[in-house]
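Throughout, read-outs are computed from the coordinates displayed, never taken from laboratory work. From a predicted model like this one, the values you see are computed outputs, not experimental measurements. Cβ atoms come from the backbone with ideal geometry, glycine included; neighbour counts cover every protein chain shown.
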Amino acid sequence: MNGLLRHIAACNNAELPGGRLAFRIGAASVGWVTPDFARALADFTGMSLTADSATLAPAAAADLPAIACGLAARGLYRWRGEAFDVRAEPGGPVLSQIDRGALPSFGIMAEGVHVNGLVRRADGLHVWVAKRAADKALDPGKLDHIVAGGMPSGLTPRETLIKEAEEEAAIPPELAAQAVPVGRIAYAMQRKEGLRRDVLHCYDLDLPADFIPRASDGEVESFSLWPIELVLRSVRDTDDFKFNVNLVLIDLFRRHGVAE
């Protein structure tokens, strides 16, 4: 398979429903759960099971964080301590909240932001590349964007971008606010932690030639500035970049005419 297309296939390896049950809050379908996980959900008040769905009664929607906490206490997934909004679709009404660590087990959609940090020089377009810290629970040591992160409860994509930019790369808010939205990418991927149904809000941020990002929260080990052609070769020929970063970079290559 083409070196770039293989990343797209890898991030869309989940077949839905693929033996899973729909997870609903009232009539709204918000996720997908395995039969074993559905049986664990049945222990909680407000949950009802049928052959093809696990439904939380609307009156019990506010109990979802506590249900998720209870399942984490049983060791079904790792508690992250970060609340995410639960929606049936991007931009839709918020139906509840849930801890980030529970999202893959519930198959609930998660939204996040990814920022291409760009420097335009006389010798061509360059891209800032981050190396994830070696102690990260997911994808340690992988290459990443200058700024990328999940969208916490109550924040918009742009608010998340500005927050993450300052925390991860010491980019001042007034500079981060200049990022330009370039599209959204969605995928459904089965990974060891469960079903990832992610929507990535993608941005380009032109940075001054003299700006140097600084790792400020321990998420990133280091930053380096690469010519876009070197980024292309790395994505095409290796698996060095975090799985979903590849998708955003492939779009960047396409838009700048460097993809094969």
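Here, P(r) means the percent of Cα pairs in each 10 Å bin from 0 to the largest distance; for the range 110-255 it is 12, 44, 38, 6, 0. Dipole orientation for the chain: of the candidates L230, A42, A73, A42 has the Cα lying most toward the positive pole (charges on Cβ; Lys, Arg +1; Asp, Glu -1).
Mean separation of Cα pairs under 8 Å and 6 or more residues apart, divided by the residue count, gives the chain a relative contact order of 20 percent.
Between L230 and R214, the distance separating the two model label sites (each 7 Å from Cα on the Cα→Cβ line) works out to 2.3 nm.
Got the relative contact order for the range 110-255 handy, in percent, Cα pairs under 8 Å and 6 or more residues apart?
Working: 281 pairs, mean separation 47.7, N = 146.
Answer for the range 110-255 is 33 percent.
Shown in residue order for the range 51-59 are the 3J(HN,Hα) couplings computed by the Karplus curve 6.51 cos²θ - 1.76 cosθ + 1.60 at θ = phi - 60°: 5, 10, 8, 10, 10, 9, 4, x, 5 Hz (x for Gly and Pro). Projecting the alpha carbon convex hull of the chain along each direction and taking the average yields 14.0 nm².
Using unit Cβ charges (K, R positive; D, E negative) and no other charged atoms, how large, in debye to the nearest 20, is the dipole of the range 110-255 about its Cα centre? Present the calculation step by step, with values, prior to reporting the outcome.
Working: 19 positive and 24 negative charges, 106 e Å.
That gives the range 110-255 a dipole magnitude of about 500 debye.
Counting only Cα atoms, I'd like the Rg/Rh figure for the range 21-109, Kirkwood definition for Rh.
On the Cα set of the range 21-109, Rg over Rh gives 0.91.
Label sites at A186 and A42, each approximated as a point 7 angstrom past Cα along Cα to Cβ, lie 3.1 nm apart. Length available on full extension from S29 to E15: 0.36 nm per residue minus the Cα-Cα distance, which gives 3.4 nm. Applying a DSSP loop filter and a limit of 14 other Cβ atoms within 10 Å to the GluC sites (Glu not before Pro) in the range 119-199 leaves E193. Put in order of Cβ neighbour count within 10 Å, fewest first, the listed residues H7, H145 become H7, H145.
Please sort by residue number the trypsin sites (Lys or Arg not before Pro) in the range 151-192 whose DSSP state is loop and whose Cβ has at most 12 other Cβ atoms within 10 Å.
Those that pass, being in a loop and sparsely packed, are K192.
Structural size metrics of the range 129-176, computed from C-alpha coordinates, are Rg and Dmax of 11.5, 31 Å. Residue-wise HN-Hα couplings along the range 15-31, as the Karplus relation 6.51 cos²θ - 1.76 cosθ + 1.60 with θ = phi - 60° gives them from phi, are 9, 10, x, x, x, 8, 9, 5, 9, 10, 10, x, 8, 8, 7, 10, x Hz; Gly and Pro carry x.
Mean residue ellipticity, 222 nm, helices only, the chain: the sum of -39500 (n - 2.57) across DSSP H runs of n ≥ 4, divided by residue count and rounded to 500, is -7000 deg cm²/dmol.
For the chain, the Cβ-based charge dipole about the Cα centre amounts to some 580 debye (Lys, Arg positive; Asp, Glu negative; other atoms uncharged).
Rounded to the nearest 5, what is the percent of antiparallel bridges among the DSSP beta bridges in the range 21-109?
Values: 12 of 16 bridges.
Antiparallel bridges make up about 75 percent of those DSSP assigns within the range 21-109.
For A259 and T238, what is the calculated FRET efficiency with R₀ set at 25 Å and r taken between the beta-carbons, to the nearest 0.05? My answer for the efficiency is 0.95. Cα centroid separation, the range 167-202 to the range 207-226: 17 Å. Here the range 94-150 and the range 1-48 have alpha carbon centers that stand 22 Å from each other. When the chymotrypsin sites (Phe, Trp or Tyr not before Pro) in the range 1-108 are filtered for DSSP coil states and for at most 16 other beta-carbon atoms within 10 Å of their beta-carbon, the remaining sites are F44, W79.
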